[in-house]
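Q: I have a structure I would like to understand better, so I am pasting it below and will then ask my questions one at a time.
We did not get these values from a lab; they are worked out from the coordinates using the rules stated. Because the structure is predicted, anything quoted here is derived from the model rather than measured. Note that we place each Cβ from the backbone using ideal geometry, even for glycine, and neighbour counts take in every protein chain shown.
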Amino acid sequence: MPEESGNIEAQRFGVGVPMQEEPFYVRGSNHLDWGMQDRLSRMFNPKTGKTVMLAFDHGYIMGPTSGLERMDLTVRRLVPHSDVIMCTRGALRATIPPTFSKPVSLRVTAGSTVLVGDDLFNECIGVDIEEAVRLNATIMAVQVCIGGKYEHVTIRNLVQAIDAGNKYGIPTLGVTAVGREMARDARYLGMASRVLAELGAHVIKTYYCEEGFERVTAGCPVPIVIAGGKKLPELEAMTMCYNAIDQGACGVDMGRNIFQADDPVAMIQAVRAIVHDGEKPDKALEIYETLKQEG
Ligand code: 5RP
């Protein structure tokens with residue numbers, strides 16, 4: 001207990017000095033509570049406002065995906081080069097040591113596997129909020145299929161996660177899942193992203209599109225990160241990444257284009273150079289080739 005008497009008198013009140021306060025830098029998050037802003041500031045680099053998320057949650061619908069057969073051998077080497085890891089609770093507990101201290105985007109939905117095709121998006125919330133707190137999740141990832149057969153089910157999952165997360169200060173990442181029959185164009189992606197943001201998602205993960213992507217990002221009041229999608233030749237993946245950032249994305253949440261690259265560790269560092277340092281695709285490829293040779 002502090003003594004009641006004999007203390008040095010408080011004098012450093014800085015009378016006349018304005019209270020030091022900064023607007024919060026993550027798009028659309030200025031009015032969020034402290035815990036939310038703290039988590040978002042661990043995801044988005046305060047200097048660049050951007051993020052490189054490493055997605056390796058594919059196994060929950062695909063099983064041992066190429067490049068992820070042994071997550072202890074492959075993913076662990078990539079984690080230090082990422083800003084956030086996106087995975088299932090099973091992969092997290094089994095393969096990622098908590099001492100890595102990396103922000104976690106926890107996949108909280110569960111459903112059908114790729115084997116059931118059309119029913120792929122018939123999901124439920126598979127990880128409750130207490131489990132997300134226990135795992136110290138930085139954000140919860142929920143996929144929503146706008147315009148699909150299970151739109152209503154996936155929207156219900158999203159709002160359930162958002163409501164639960166809002167109670168505990170954990171933001172939600174809305175992932176726009178695109179059904180096979182849907183066009184991945186700016187009109188669709190812009191609508192899906194906007195709907196998820198309006199429903200309360202704090203960050204949106206969507207796909208890049210060649211035409212009009214700047215309208216997708218402009219029309220979304222919260223940050224957009226792009227998914228990588230199927231494996232592309234390295235320079236193409238870097239170009240997509242560069243264009244997405246140039247057109248307003250706040251980062252990437254990439255999986256296959258990193259862990260299926262010839263040299264995944266070199267690839268993630270080249271992607272970082274684009275996202276955080278604004279390097280052009282040619283320069284990023286040079287960085288990739290150099291690191292590949294050194295490695
Ligand atoms: C799908 C996901 C996956 O984690 C993610 O899209 C996979 O990343 P990539 O497409 O870059 O391999 O969120 O809903």
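Q: With a 10 Å Cβ neighbour count serving as the proxy for reagent exposure, in which order, fewest first, do GLU198, GLU279, GLU4, GLU151 appear?
A: GLU4, GLU198, GLU151, GLU279
Q: Related question: Report, as a whole number in µm² per second, the diffusion coefficient that Stokes-Einstein gives for the range 118-248 at 10 °C and 1.306 mPa s using the Kirkwood radius over alpha carbon pairs.
A: Rounded, D is 104 µm²/s.
Q: Remind me, relative contact order of the chain in percent, using alpha carbon pairs under 8 angstrom and six or more residues apart?
A: That works out to 16 percent.
Q: Please figure out what share of the DSSP beta bridges in the chain is antiparallel and state it in percent, rounded to the nearest 5.
A: 5 percent
Q: Okay, next question. Charges at C-beta only: +1 for Lys and Arg, -1 for Asp and Glu. How large is the resulting dipole of the chain about its Cα centre, in Debye rounded to 20?
A: My answer is approximately 380 debye.
Q: Once the other residues with Cβ under 12 Å from the Cβ of VAL225 are scored (Lys, Arg +1; Asp, Glu -1), what is the net sum? Don't skip to the end; give the middle numbers.
A: Details: positive: ARG27, LYS50, LYS205; negative: ASP83, ASP253.
Residues close to VAL225 contribute a combined charge of +1.
Q: Oh, and also: Sorting check: for 161-167, 140-146, which peptide has the highest mean count of neighbouring beta carbons within 10 Å, and how do the rest follow?
A: Highest-to-lowest ranking by the protection proxy: 140-146, 161-167.
Q: Next question. How much mean residue ellipticity at 222 nm does the chain get from its helices, if each DSSP H run of length 4 or more adds -39500 (n - 2.57) and you divide by all residues, to the nearest 500 deg cm²/dmol?
A: Counting only the DSSP helices, I get -11500 deg cm²/dmol.
Q: Further, regarding this structure: What ranking do 280-289, 26-35 get when scored by the average of other Cβ atoms within 10 Å per residue, highest first?
A: By packing density, highest mean first, the sequence is 280-289, 26-35.
Q: Report the convex hull volume per residue for the chain, counting only C-alpha atoms, in Å³.
A: 174 Å³
Q: Okay, next question. Hey, how many Å between the Cα centroid of the range 135-207 and the Cα centroid of the range 1-44?
A: Computed from Cα coordinates, the inter-centre distance equals 32 Å.
Q: Now for a different question. Compute the separation of the alpha-carbon centres of the range 240-295 and the range 79-131 and state it in Å as a whole number.
A: Distance between centres, Cα-based: 23 Å.
Q: If each of ARG93 and MET62 carries a label point 7 Å out from its Cα toward its Cβ, how far apart are those two points in nm?
A: It is 2.4 nm.
Q: To continue, here is another question. Neighbouring Cβ atoms within 10 Å as the yardstick, rank VAL159, VAL15 fewest first.
A: Taking fewest neighbouring Cβ atoms as first place, the list is VAL15, VAL159.
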